[in-house]
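In what follows, a structure is listed as structure tokens, so that the remarks can point back to it.
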Amino acid sequence: MDMENFIDSFLEFEEENKMFQVKIEGIKIWHLIRIQIYCYLAEQFGLGKLLLDFEPVKSDTVKRTWKDLIREKVVCNQYRAGRRDVLIFPNGAKYKDNQGYYRCRYTDLLDRAMTRPHYLLDGKSDEGGYARQRSKNVLYADLEIFKKINQIKQDYKLINKSELEKKIAAPIEKYYKCKIEVRFKQKWLDMVNTLLRIRGYFIDYYNYMLHKIKPKIIIITCAYDWDKMFLCEVAKEKGIPVVELQHGTIGRLHISYNFKEKMYLSTFPDYIFVYGQLEKKKPRLPIDSSRVIPVGFPELENCYKTSRKERRNIKKNRKQILFISQGIPEIAQYAEAAANLLDNEKYRIIFKLHPREYGNWKKIYRGYLKNPDIEVFGDYDKSIYDFLAESDWVIGSFSTSLYEATMFDIKIAIIKTPMDADMKELYLNGYALLVESPQQLAQEIMEDSFKRNPAVNIYEKNSIENMLKWIDKIIRITDRKEAGNSTN
């Protein structure tokens, strides 16, 4: 069974067993845990293995100044929130600009261009603290302070193993004719109990913040994080539309964006702004296609314009080969092989970590990246687009950055793995090269004869204008509904 057949079988399993109707403690639980179950089964069937449980890096390199404390306690205090039309939730994985400010590549340019009154409700970053940002519209989200000040206590009941066995594990074992190990059942039980424990806190918090801000629209960047699923629940109860900005690949192998049929899910966003027409067609989303809107990607569009000028000024005595990690062993194995097969005086090998690998990559990759000539990058000081702009080749398997690379003057190689199916559009249309062995990759790099199809048009143009137009349109739709309800 390959990944495409597996995800189809998983969707069939969900439909046959009515998994989206399964309730635990009165909560429809399946949508909240399906991605974890899916990844477990994929690994058990030998279709993909993650090297790690992602662990964010903790950094104490940024010292908090008195200005930071004033921003945290006064200027950006969540209790100072007032009414705003738009509420934006930036992504936690930001990077630093050349003046030391952190930027979210999905929301920063939207924040700057937005003329409607708005907030960025920003939680602690992957580094463990609040990120310094230029924006004057930032509020610092702090659930722990909210719980203390409001003396919030949640009553929840721990489920037992028999309930998990009956409602989750048994249907899976019956459908797939497999036996789930006891230790994994215990992990699932702990996961569900954690979910039940924290859900009430987030529901109370988002009810409070949305009541204060009264936004007409909410913008998020990752809809399948638990906290954003809870946010969607609260927003739907209040009639506030939630829009997810595409932040990665959402093809037919990403379980979070694939469903057997259209359905109402309180934990799923109302709209998705995608990069282009291709992304609109690929996944099997639960929402109507009219709510999947191609707008482009502002950060990429902006970087493309500047990188064309900057690349001319880059002077190199070696060709730069960029490997993009996604937490699977194959990419590290190819990087190690390339470093052994290529002449170090002619080629520079860079291994770019996924942001959530920064904290423990030495432990995870020490058995794979042994060649001292491999340069590993894992910090927030440099954007992936900086690497793409200065490299000659980029190699990966299923990273969104491989699609983004089509906007740059760089050759793209896709490693054949069980996860590469979402990249077919690239290598079948000549935008990228599919490689099946490290030796083939090294040969292609040395010969340097691959000519990329230049007629690529994946991303919509004028992305900021498109986003602002659709935000206004969605707000008008909501206003009309409210006006109609008030007259009835």
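The values are calculated or read from the model by the stated rules, or taken from the named source; none is laboratory data. The model shown is predicted, which means the values in this text are computed figures rather than measured ones. Here Cβ is always computed from backbone atoms with ideal geometry, including for glycine, and neighbour counts include all displayed protein chains. Just the protein is used for accessible areas: all its heavy atoms, side chains included, with ligands, DNA and RNA removed. Shrake-Rupley method; radii C 1.70, N 1.55, O 1.52, S 1.80 Å.
Before moving on, here are some points about what is shown:
- A Cβ-based charge dipole, computed about the Cα centre of the stretch 351-488 with Lys and Arg at +1 and Asp and Glu at -1, lands at about 520 debye.
- Accessible surface, per residue, of the chain when the full set of protein chains is kept, probe 1.4 Å, Å²: 48 Å²
- Pairs from Lys161/Lys236; Lys185/Lys424; Lys166/Lys187 whose Cα-Cα separation, in the structure shown, is over 23 Å: Lys161/Lys236; Lys185/Lys424
- Each peptide in 427-440, 243-256, 176-189, 77-90 was scored by the mean count of other Cβ atoms within 10 Å over its residues; highest first, the order is 243-256, 77-90, 427-440, 176-189.
- Summed over qualifying helices (DSSP H, 4 residues or more, each -39500 (n - 2.57)) and divided by its residue number, the chain shows a 222 nm mean residue ellipticity of -12000 deg cm²/dmol.
- Taking the Cα centre of the stretch 165-277 as origin and assigning +1 to Lys and Arg Cβ atoms and -1 to Asp and Glu Cβ atoms, the resulting dipole is close to 300 debye.
- When the Cα atoms of the stretch 163-315 are aligned to their principal axes, the ranges along those axes come out at 60, 44, 34 Å in descending order.
- If you bin all the Cα-Cα distances of the stretch 336-488 at 5 Å, starting from zero, the percentages per bin are 1, 7, 14, 16, 17, 13, 8, 5, 5, 4, 4, 2, 1, 1, 0, 0.
- For Lys346, the lysines whose Cα comes closer than 18 Å to its Cα, not counting residues fewer than 8 places off in the same chain, are Lys315, Lys316, Lys319, Lys411.
- Projected area averaged over orientations for the chain, convex hull of C-alpha atoms, nm²: 24.5 nm²
- Cross-link reach list, aspartates and glutamates versus Lys18, counting only Cα pairs under 20 Å and skipping chain neighbours closer than eight places: Asp8, Glu163, Glu165, Glu173, Glu261
- Local electrostatic count at Glu444 - Lys and Arg +1, Asp and Glu -1, tallied over other residues with Cβ under 14 Å: +1
- Taking every DSSP bridge with both residues inside the chain, close to 10 percent are antiparallel.
- Given Lys124/Lys157; Lys214/Lys382; Lys136/Lys461; Lys228/Lys469; Lys228/Lys280, the pairs whose alpha carbons are separated by over 32 Å: Lys214/Lys382
- Atom-type composition of the exposed protein surface of the chain places 48 percent of the accessible area on carbon and sulfur (1.4 angstrom probe).
- Other residues whose C-beta falls under 13 angstrom from the C-beta of Glu16 contribute a net charge of -2, scoring Lys and Arg +1 and Asp and Glu -1.
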